[in-house]
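Visitor: Take a look at this one; I'll ask things after.
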Amino acid sequence: MRVVIIGQQDFGKSVLDKFLERGDEVAAVFCAPEKAGGKPDPLKVAATERGLTVHQFATLKSPEAEAAMRALDADIGVMAYVLQFAPQAFVNIPRLGTIQYHPSLLPKYRGPSSINWPIIRGETKTGLTIFRPTDGLDEGPVILQKACEIGPDETIGEVYFSKLYPMGTAAMIEAADLVVAGQHREEVQDEALASYEGWCRDAEARINWANHIDFTYNLIRGCNPAPGAWTTLNGKKLQVFDARKHAYRTFGDTRGKVGEVTDVTDSSFMVGCQGGRIEVLRVKAEDGKKMGAGEFVASGAISAGVFVGL
């Protein structure tokens, strides 16, 4: 098939590689422009190294972007991690239209942080959807879905890189084959089941130690590695990455107050919250680098009896 790849970053590069490895013709690549002073986009680098045409338009809504797509005479467009808005006038140009990847089981978790929120909310299952892009955000008809489990201790990094990333690149190939062969079905999303969440960023990632331990733990793993759950220590930001949950079983288990560092060891420190304590294993201080919590303790930066999040 003659394909146009619209995407960016490592996921876009991996999708490009998949199509090229099996001998499909990539007519061109559309990639968002890099920010001033930023690193070259991996998809752009890979396409350029292979001698492919690369288009980088500030907006895909421009007449120039539409004209560039029309000139390619493509069979199908493939949107692989696209943050730019792609209007119908653009995505409908390929002979068989365009398909798009989204890392959730649509219509649940529409929006840009659709991997973070299921973990933060304690979901035990997520997945991916290949759908037809429309002018509504993540609202188009579904072509293909794949589900996967979220383990009780898995982080966003583990769910994405071990599951949704490899499943997603394979699913893009599978969906494109179905569309080109005329064997696909398109199912309209059930709006009664739909949900939308915005970005999970710094404000959403702040830890409130007064919350229940389950919510606090899910927030930490749902923000690991990005955007990074955080608290404060002596008025400065302290990001918390790897952690373990220790729920209280009886009244006799309770120890310390909410936000209090109750114990420090050679490898971790414990912080009290509602219903238990969080054992912190990896942190990043506001003016430092990621390090094991034991190293952070050894530096004298934290000790038993101090409070975080004040």
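The values are calculated or read from the model by the stated rules, or taken from the named source; none is laboratory data. Only a predicted model underlies this, so the values are computations on that prediction, with no experimental measurement involved. Neighbour counts are summed over all protein chains in view; Cβ atoms, including those assigned to glycine, are modelled from backbone coordinates with ideal geometry. Each accessible area value is taken on the protein alone, full model and side chains, heavy atoms only, with ligands, DNA and RNA left out. Shrake-Rupley method; radii C 1.70, N 1.55, O 1.52, S 1.80 Å.
Visitor: Do you know which residues across segment 245-296 are part of a strand (DSSP E or B), of a type outside the set (D, E, K, R) and without any contact (Cβ under 8 Å) to a residue 40 or more places away in the chain?
Guide: Across segment 245-296, the qualifying residues are H246, A247, F269, M270, M291, G292.
Visitor: Are there any pairs with C-beta distances below 9 angstrom linking a residue in segment 85-98 that is within 14 Å of R70 (Cβ to Cβ) and among the hydroxyl-bearing types (S, T, Y) to a residue that is in a loop (DSSP other than H, G, I, E, B) and open to solvent by less than 60 Å² (accessible area, probe 1.4 Å), with the two at least 6 apart or on different chains, and if so which?
Guide: T98/A86; T98/R132; T98/P133
Visitor: Give, as residue ranges, the helices (runs of 4 or more DSSP H) completely inside segment 22-93 that count at least 2 residues that are more than 28 Å from E139 (Cα to Cα).
Guide: Result: 42-49.
Visitor: Within segment 223-239, restricting attention to residues that are of a type in the set (A, V, I, L, M) and out of contact with any Cys (no Cβ under 7 Å at 6 or more places or on another chain), which residue is nearest to E154 (Cα to Cα)?
Guide: A226
Conditions (1) open to solvent by less than 40 Å² (accessible area, probe 1.4 Å); (2) more than 30 Å from N224 (Cβ to Cβ); (3) part of a helix (DSSP H, G or I); (4) not aromatic (F, W, Y), marked per residue:
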{"site": "A147", "(1), (2), (3), (4)": "no, no, no, yes"}
{"site": "E158", "(1), (2), (3), (4)": "no, no, yes, yes"}
{"site": "F161", "(1), (2), (3), (4)": "no, no, yes, no"}
{"site": "A170", "(1), (2), (3), (4)": "no, no, yes, yes"}
{"site": "C200", "(1), (2), (3), (4)": "yes, no, no, yes"}
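Visitor: Right, next: Is it fair to say A285 is surrounded by 13 or more Cβ atoms within 10 Å (Cβ to Cβ) and over 16 Å from N234 (Cα atoms)?
Guide: no
Visitor: Mind checking whether some residue in segment 56-75 is touching a strand residue (DSSP E or B) at 6+ places or on another chain (Cβ under 7 Å) and β-branched (V, I, T)?
Guide: Scanning segment 56-75, I find no residue that is touching a strand residue (DSSP E or B) at 6+ places or on another chain (Cβ under 7 Å) and β-branched (V, I, T), so the answer is no.
Visitor: Determine if segment 240-251 includes at least one residue that is over 19 Å from D153 (Cα atoms), within 29 Å of the chain's Cα centre (by Cα) and surrounded by 16 or more Cβ atoms within 10 Å (Cβ to Cβ).
Guide: So far as segment 240-251 goes, no, none of its residues is over 19 Å from D153 (Cα atoms), within 29 Å of the chain's Cα centre (by Cα) and surrounded by 16 or more Cβ atoms within 10 Å (Cβ to Cβ).
Visitor: Follow-up question, since we're still on this one. Looking at (1) in contact with a Ser or Thr (Cβ under 7 Å, 6 or more places away or on another chain); (2) open to solvent by 10 Å² or more (accessible area, probe 1.4 Å), find the lone condition where S114 falls short.
Guide: Looking at each condition in turn, S114 falls short on (2).
Visitor: Further, regarding this structure: For V15, indicate whether it is assigned to a strand (DSSP E or B) and open to solvent by less than 10 Å² (accessible area, probe 1.4 Å).
Guide: In short, no.
Visitor: Can you pull out the residues in segment 114-128 that are in contact with a strand residue (DSSP E or B) (Cβ under 6 Å, 6 or more places away or on another chain) and under 17 Å from P225 (Cβ atoms)?
Guide: Correct list: P118 only.
Visitor: Turning to a different aspect of this structure: Output the residues belonging to segment 205-216 that are assigned to a helix (DSSP H, G or I), in contact with a strand residue (DSSP E or B) (Cβ under 8 Å, 6 or more places away or on another chain) and open to solvent by 10 Å² or more (accessible area, probe 1.4 Å).
Guide: D214
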